[in-house]
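Trainee: What follows is a single structure, and I will ask about it in a moment.
The values are calculated or read from the model by the stated rules, or taken from the named source; none is laboratory data. Bear in mind that the values here come from a model prediction, so they are computed numbers and not experimental data. Quick reminder, even Gly has a Cβ in these numbers, built from the backbone with ideal geometry, and neighbours come from all protein chains shown. Side chains are part of the model used for accessible areas, which takes the heavy atoms of the whole protein and leaves out ligands, DNA and RNA. Shrake-Rupley method; radii C 1.70, N 1.55, O 1.52, S 1.80 Å.
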Amino acid sequence: MKLADRPLIYEINTALFLANLSHKYQRSVELGSVPDDEWDRIAQHRPQVVWLMGVWRRSQIGRELAKTHIEEYRQTLPDINSEDIIGSAYSIAEYAVEPAYGGEAGLAIARMALAERGIGLILDFVPNHTGLDHHWLDDQTENYVQGKQADIEAKPTWFFEHNQLIFARGRDPNFEPWSDVAQLNPFSERYRLATTETISRIADLSDGVRCDMAMLMMNSVFAKTWGEHAGSIPESEFWTGVISSVKNKNQDFTFIAEAYWGYQQALLDQGFDYCYDKTFLDLIIDGSAAKLTRYLKQNVSIQRQSVVFLENHDEPRIAGHIQRTIYKPSAVFFYFFEGARMVLDGQYDGFRVRLPVQLSRGPEETSDPELMGFYQELESVRSGFGFVGASWELLEPRSVHLGRSSQQVAAYSWQTQDELLLVAANLSERDAEALINLPSDYQEPQNLLSSTDANYQLENGQIKLSLPKSGYAVIKFLKK
């Protein structure tokens with residue numbers, strides 16, 4: 001199934017999803033036995049793709065290590081017990097669907113249920129590391145970064161011994177190594193082949209893959225992270241060969257990169273279809289429309305291939321992290337944005353607790369009816385506009401009084417042959433006014449969605465917006 005252009009990606013924490021359904025229906029629910037009503041609940045939000053996060057068999061060594069952090073997890077789940085701790089979804093023992101979730105047979109049924117609703121499926125791939133009990137540590141040791149006895153003596157938290165060999169623990173160059181994973185080596189030709197084989201198998205089970213921390217595999221990043229332990233730098237980039245090999249067999253398979261540090265363009269050049277844009281979220285939270293507009297203008301060429309989000313399993317729940325006054329304008333600016341948009345199951349409900357990926361159960365939360373109704377409004381407006389074939393344009397609102405860039409209002413437009421959709425949001429904590437230039441051949445503005453007290457005046461191809469604190473407006477114009 002080829003994913004739709006500019007998809008809405010709906011992330012589901014698989015372990016939590018199935019545990020909640022098992023509790024709700026008072027029976028064991030696996031991927032193959034999810035009630036139709038639950039898939040319908042997800043489908044009503046009109047996602048083009050579901051990301052089932054964490055379906056692979058987790059490391060049991062990682063689970064035991066995670067149990068040592070039970071007091072830390074108690075801050076999230078006060079009544080936690082050891083059975084709630086299942087180990088990290090990113091400490092993988094094997095790329096096989098967890099039997100407790102229904103195995104590959106159950107995943108196939110879930111995929112079919114989604115496809116019947118016009119929804120694709122993506123799964124995870126973790127290129128940087130495996131769990132400490134992955135079979136490659138026994139039969140494909142050349143896939144890993146290895147060291148010597150002197151390394152483990154000098155940095156015992158960086159290396160470990162297995163079968164009389166010294167292996168490195170997985171790490172991000174900005175932090176100490178993770179204790180529950182072993183570091184893979186993208187400079188190894190054998191590991192490049194193993195990656196291609198693994199993702200090709202994932203392609204048989206899904207429509208796309210989300211590649212965890214993809215930039216860590218880039219030649220320049222990995223060489224800086226591991227130095228001489230990495231070996232000689234290959235002539236080609238890791239992802240270029242892997243992606244081209246997989247797509248030679250399945251050209252419609254979609255690659256999504258989780259990436260940070262400004263490497264989006266480089267990863268797109270190496271073959272990724274979409275790439276995370278975490279800076280979008282950071283600047284939304286910062287509340288500076290001017291900074292956000294400048295950033296987007298600098299990166300406008302890649303917006304169509306960006307994945308923007310207000311939350312995911314790695315980030316705090318936005319409802320509990322952002323001022324309530326700017327939640328709605330932030331959500332409006334996000335919801336109609338260019339490129340792929342990603343939401344986390346529970347976001348529409350206004351859930352506020354971020355669950356660590358080592359847990360299968362979270363605290364009970366009550367849905368926020370106001371936010372649920374608000375997102376329904378957003379989807380109703382979005383579904384009523386013909387985005388297929390529409391062109392997106394970042395706008396630069398100006399201050400009404402000084403003629404400078406607006407520091408408070410961010411805006412963009414969607415344009416078809418007959419209509420123009422203007423989306424504007426006040427991301428600040430103060431009332432705001434802004435001037436925005438529009439094509440002169442559009443008229444008859446229709447307010448589709450706006451905050452209380454928001455208003456506008458149209459004159460000579462220019463619109464003057466008055467947006468109160470927490471204000472936003474979505475306005476449609478018809479061509480003359």
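Trainee: Could you give the length gained by full extension between Asp349 and His321, i.e. 0.36 nm per residue of separation minus their alpha carbon distance, to one decimal place?
Mentor: 8.6 nm
Trainee: Could you tell me which of Tyr95, Asn20, Pro78 has its Cα farthest along the dipole of the range 1-100 towards the positive end, charges placed at Cβ (Lys, Arg +1; Asp, Glu -1), taken about the Cα centre?
Mentor: Result: Tyr95.
Trainee: Continuing with the same structure: Antiparallel DSSP bridges in the chain: what percent, to the nearest 5?
Mentor: The antiparallel proportion sits near 65 percent.
Trainee: Moving on to the next point. Report the local net charge at Tyr442: Lys and Arg +1, Asp and Glu -1, summed over other residues whose C-beta lies under 14 Å from its C-beta.
Mentor: -3
Trainee: If I compute solvent accessible area with a 1.4 Å probe over the protein chains, what percent of it on the range 18-88 is carbon and sulfur?
Mentor: Within the range 18-88, the accessible surface is 46 percent carbon and sulfur.
Trainee: On a 0 to 90° scale, report how tilted helix 289-298 is relative to the longest principal axis of the chain, with both axes built from alpha carbons and the result rounded to the nearest 10.
Mentor: 70 degrees
Trainee: Would you mind working out the accessible area per residue for the chain, using a 1.4 Å probe, and quoting it in Å²?
Mentor: 42 Å²
Trainee: From largest accessible area down, sort Arg63, Arg354; use a 1.4 Å probe on the protein chains.
Mentor: Accessible-area ranking of Arg63, Arg354, largest first: Arg354, Arg63.
Trainee: For labels at Ala150 and Glu379 in the simple 7 Å Cα→Cβ model, what's the distance in nm?
Mentor: Placing both labels 7 Å beyond Cα along the Cβ direction yields 6.1 nm.
Trainee: Give a quick list of GluC sites (Glu not before Pro) in the range 380-480 that DSSP marks as loop, anything other than H, G, I, E or B, with at most 16 other Cβ atoms within 10 Å.
Mentor: For GluC sites (Glu not before Pro) across the range 380-480 that sit outside H, G, I, E and B with at most 16 neighbouring Cβ atoms in 10 Å, the list reads Glu429.
Trainee: Then there is this: May I ask for the angle, rounded to the nearest 10°, between helix 189-205 and the longest principal axis of the chain, with both axes built from Cα atoms and the value confined to 0 to 90°?
Mentor: Approximately 60 degrees, to the nearest ten.
Trainee: Run the numbers on the range 1-129 and let me know its relative contact order in percent, using alpha-carbon pairs under 8 Å that are six or more apart.
Mentor: 35 percent
Trainee: Oh, and also: Which net charge results for the neighbourhood of Ser244, defined as the other residues with beta-carbon distances under 14 angstrom from its beta-carbon, given Lys and Arg at +1 and Asp and Glu at -1?
Mentor: Net local charge, Ser244 excluded: 0.
Trainee: Taking the Cα-to-Cβ direction at Glu71 and at Lys24 and moving 7 Å from each Cα, how far apart do the two end points lie in nm?
Mentor: Roughly 3.6 nm, to one decimal.
Trainee: Something else: Within the range 202-244, whose backbone N sits under 18 Å from a point 7 Å along Cα→Cβ of Thr157?
Mentor: Counting only backbone N, you get 226.
Trainee: Further question: Evaluate the Kirkwood expression for the hydrodynamic radius of the range 269-314, namely the inverse of the mean inverse distance over all pairs of different C-alpha atoms, and round to one decimal in Å.
Mentor: 11.4 Å
Trainee: Within the set Lys291/Lys469; Lys297/Lys480; Lys2/Lys247; Lys2/Lys249, which residue pairs have Cα atoms separated by over 21 Å?
Mentor: From the list (Lys291/Lys469; Lys297/Lys480; Lys2/Lys247; Lys2/Lys249), the Cα-Cα distance tops 21 Å for Lys297/Lys480.
Trainee: Grab the other residues whose beta carbon is less than 14 angstrom from that of Asp139, score K and R as +1, D and E as -1, and report the net.
Mentor: -4
Trainee: To check you understand DSSP bridge types, tell me what percent of the beta bridges within the range 149-308 (both residues inside) are antiparallel, rounded to 5.
Mentor: Bridges in the range 149-308 are about 40 percent antiparallel.
Trainee: Evaluate the charge dipole of the chain about its Cα centre and quote only its size in Debye, nearest 20, assuming +1 on the Cβ of each Lys and Arg and -1 on the Cβ of each Asp and Glu.
Mentor: The calculation lands at about 1060 debye.
Trainee: Quick check on my link table: of Lys278/Lys476; Lys328/Lys476; Lys67/Lys155, which ones sit more than 21 Å apart, alpha carbon to alpha carbon?
Mentor: Lys278/Lys476; Lys67/Lys155
Trainee: Let me ask something else about it. Which order do the peptides 148-160, 107-119 take when ranked by the mean count of other beta-carbon atoms within 10 Å per residue, highest first?
Mentor: Ranking, from highest mean packing down: 107-119, 148-160.
Trainee: I want to check the label-to-label distance for Ala223 and Lys464. Put each point 7 Å from Cα in the C-beta direction and report it in nm to one decimal.
Mentor: Distance between the two pseudo-spin positions: 5.8 nm.
Trainee: A follow-up question, please. Shape call for the chain from the C-alpha gyration tensor, a ≥ b ≥ c root eigenvalues: rounded (a/c under 1.5), prolate (a/b greater than b/c) or oblate?
Mentor: Since a/c reaches 1.5 and a/b is larger than b/c, the shape of the chain is classed as prolate.
Trainee: Please report the carbon-and-sulfur percent of the accessible area for the range 282-396; probe 1.4 Å, protein heavy atoms only, DNA, RNA and ligands left out.
Mentor: About 46 percent, which is the carbon plus sulfur part of the accessible surface.
Trainee: Right, next: Between Asp37 and Glu83, take the C-beta separation as r, use R0 = 30 Å, and let me know the FRET efficiency to the nearest 0.05.
Mentor: The pair Asp37/Glu83 has a calculated efficiency of 0.65.
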